[in-house]
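One structure below.
Please treat every number below as a calculation from the coordinates, not as lab data. Being a predicted model, the structure only gives us computed values, none of them experimental. Cβ coordinates were reconstructed from backbone atoms using ideal geometry, including for glycine residues, and neighbour counts include every protein chain displayed.
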Amino acid sequence: MRFSALFRPYWRQLMLGLLALITTNLFALILPRLVNMGISVIEGKKVPYFTSITSIVLAILALAVLAAIARTYSRILMFGVGREIERDVRRDVFVHLSTLSPSFYEKRSVGDLMSHMTSDINNIRMCTGFAVLNILNIVIVFAGTAPVLFSIDHQVAFAALLPFPLVMITAQALSGRMFQRVREYQASLSDLSARIQENLSGAQVVRVFHQEEAENTRFAAVNDHAFRAAIRLAKMRVVMFPLMRMMGALGVAVTLFVGGRAVVLGHIDLGDYVEINARLLQLAWPAISLGFVMSVYSRGQASLARMNVLLEARPEIVGGALPAPKQVVRDSADQFFVVAHNLSVQLPQSAKPILYGVSFTVKPGEVLGVVGPTGAGKSTLTRALCREVNVARGQLLIDGQDICDWQLHALRKFVAVAPSEAFLFSASMRSNITFARPDASQDEVMEVVRMVDLTRDVDGFADGLETMIGERGVTLSGGQRQRVALARAILARPKMLILDDCLSAVDAQTQSTIVERLKQPVGDGTHTPPAMIIVSHRLSVVQEANEIVVLDKGQIVERGTHLELLTKGALYRALWGLQLLEEELG
Ligand SMILES: Nc1ncnc2c1ncn2[C@@H]1O[C@H](COP(=O)(O)OP(=O)(O)O)[C@@H](O)[C@H]1O
Ligand SMILES: [Mg+2]
């Protein structure tokens, strides 16, 4: 995102704003001359256009009103451009973030991203609106005033303008360091917002483990860091502004000295002297504000640089060109095979492959059971199937088509995963369930609610399906959350449904009932149920699966049906024994 490119869509509005800015400055430029004329009239001299002091006063009033109107328009137009750019940047960054892969989010904290979306975007607006307007204004005021001053008297003009280049050079020299300090400050704000966000989200954990004090100490460190960065920045500002003001006062003194002499010597008259002073006054504020304007400008540039780092992040996982599954899967959508062929998964942060040599086949109406100890790679397998992690070509095929060739959204429409720890939005139960298909009918929603055994829970809520859940509503139990997430996945009508231990918090009996329902033909009974992969730590749930694979340390160590595994699978038998024991104890 380049600075100039941000303005491209709004160049007309910007030009109009510039026109208004030039207009208001033209009006303002005439005012000191009218004052000059007024003094001449008082001195009894003849002036062009005006005969009385009253007419000059009226002219001054009229000009002041016109200048105010033009000034207002210049601000409406140019600050408006800043607002438009703010909206554009926010939209573009938001859209960009939605394209990035999980690996990006693993490296960035939510708080840091939030600070990009709020304070950095604010800074960009201030830079593209306020700073740009004021920089242009300063240029116009000086370009307009300097020649007029010189036309009155070279010497006085030269002396009066002498301090201004100094002011500008100082402002320029300081702005580089300012930029650096602003960046430090912004980075510290990001850290701060990351810590605040984590502590708010994890407030309960902090409380339960009574780590308030430790967390307060850690927060104090980050807070202090932000404070020191703010002070370093403020130090530059507090030096900069008085310096500018001092130089302004210097100008007034020099003018009095040189200009006063010129009046005494009769080079200029008193009116001219007053006019010169009035013009210097007009220059003073733009010159003084230059420091502030430059700091707003560098803050915006620093924020834009931070934003560009986000925008330069490329998604690691990119889809292919194959369109929607219904075209991929030939005439009968119920006939396809999901094939894993020697699947290996290596993640950037892990030294050795998480999965290797995994092969299996599933088709519609069938269930592949996946069991194994924690950390075996079961969830990684489910993430590979929807390309949440990258897989090499030729290792995962659906209907003979490499999943790397599928458009990502086509693949994700095809495959739905219900994870064990699902994120639910702070919204109604209904909108959570219909997240993937907001157009689902009431009957369809009730049907999935029944399938996941939530009917009684929903009836128990005062507002039924409209009950708000999450941060601003009812807190669901672990089992309820899991079932809402499963309902969401089922309602998406995937051709392939993956349950990643997504009923671990539901009792064994209910879990088996739900899985049985999932295997039934859907709709009017003519559609084959989806191909299913059920990952479960409860072996009883996958007992009926067409095939069960036992994963251990990323590899399939045993495979077969439940009965086959009971006779020949050592690990499976051990796990089964453990489970029987648990059930007896439970
Ligand atoms: N994003 C990741 N980066 C690096 N290693 C990971 C990542 N996700 C999971 N792992 C590692 O991969 C292994 C398998 O994890 P996972 O698939 O979640 O196991 P399971 O679901 O069988 O318990 C674990 O050792 C885990 O630490
Ligand atoms: Mg897991």
Hey, fewest Cβ within 10 Å first, where do ILE398, ILE121 land in order? ILE121, ILE398
With a cut-off of at most 11 other beta carbons within 10 Å, and DSSP calling the residue loop, which chymotrypsin sites (Phe, Trp or Tyr not before Pro) in segment 129-231 qualify? Please list them. PHE209
For the chain, the longest principal axis of the Cα atoms and the Cα long axis of helix 478-491 enclose an angle in degrees, to the nearest 10, of 90
Among VAL182, ILE60, ALA220 the positive-end extreme of the charge dipole of the chain (Cβ point charges): ILE60
What length, rounded to one decimal in nm, is gained on full extension from LEU66 through to THR374, with 0.36 nm per residue of separation minus their alpha-carbon distance? 103.3 nm
In degrees, nearest 10, the alpha-carbon axis of helix 212-265 is tilted away from the dominant principal axis of the alpha carbons of the chain by 20
Theoretical ellipticity at 222 nm over the chain - DSSP helices of four or more residues, -39500 (n - 2.57) apiece, nearest 500: -20500 deg cm²/dmol
Net lengthening on full extension, TYR105/LEU250 (0.36 nm per residue, minus Cα-Cα): 46.7 nm
Toy charge model, Lys and Arg Cβ at +1, Asp and Glu Cβ at -1: the chain dipole around Cα centroid in debye, rounded to 20, equals 2460
What is the packing order of peptides 556-562, 317-323, taking the mean over residues of other C-beta atoms within 10 Å and listing the highest first? 556-562, 317-323
GLU584 paired with ASP552, simple spin-label distance in nm, labels 7 Å along Cα-to-beta-carbon: 2.3
Treating the beta-carbon of each Lys and Arg as +1 and of each Asp and Glu as -1, no other charges, what is the dipole magnitude of segment 480-548 about its Cα centre, to the nearest 20 debye? 280
Mind putting a number on the dipole of segment 338-458 about its Cα centre? Charges go on the C-beta only, +1 for Lys and Arg and -1 for Asp and Glu, and I need it in Debye to the nearest 20. 360
In the chain, what percentage of the DSSP-assigned beta bridges are antiparallel, given to the nearest 5? 45
Testing the spin-label approximation: label points 7 Å from Cα along Cα→Cβ at ALA5 and ASP463. State their distance in nm. 4.3
When DSSP assigns beta bridges and you keep just the ones with both residues in segment 325-585, what percent turn out antiparallel, to the nearest 5? 50
Per-residue Cβ neighbour rank within 10 angstrom, fewest leading, ARG83, ARG195: ARG83, ARG195
Net charge near ASP500, counting Lys/Arg +1 and Asp/Glu -1 over other residues with Cβ under 12 Å of its Cβ? -1
As I understand it, the dipole of the chain uses +1 on the Cβ of Lys and Arg and -1 on the Cβ of Asp and Glu, about the Cα centre. Which of GLY38, LEU243, PRO315 lies farthest toward its positive end? GLY38
Cβ-defined net charge surrounding ASP88, 15 Å radius [Lys, Arg +1; Asp, Glu -1]: +3
Of the listed links LYS107/LYS495; LYS352/LYS553; LYS363/LYS519; LYS107/LYS553; LYS363/LYS495, those spanning more than 21 angstrom between alpha carbons are LYS107/LYS495; LYS107/LYS553
Just add up the charged neighbours of ASP269: K/R +1, D/E -1, any other residue whose Cβ is under 9 Å from the Cβ of ASP269. -1
What's the exposure ranking of TYR572, TYR356, TYR105, TYR49, going from fewest to most Cβ atoms within 10 Å? TYR49, TYR105, TYR356, TYR572
Let's test the formula: R0 of 41 Å, r as the Cβ-Cβ distance of LEU265 and MET15. What FRET efficiency results, to the nearest 0.05? 0.35
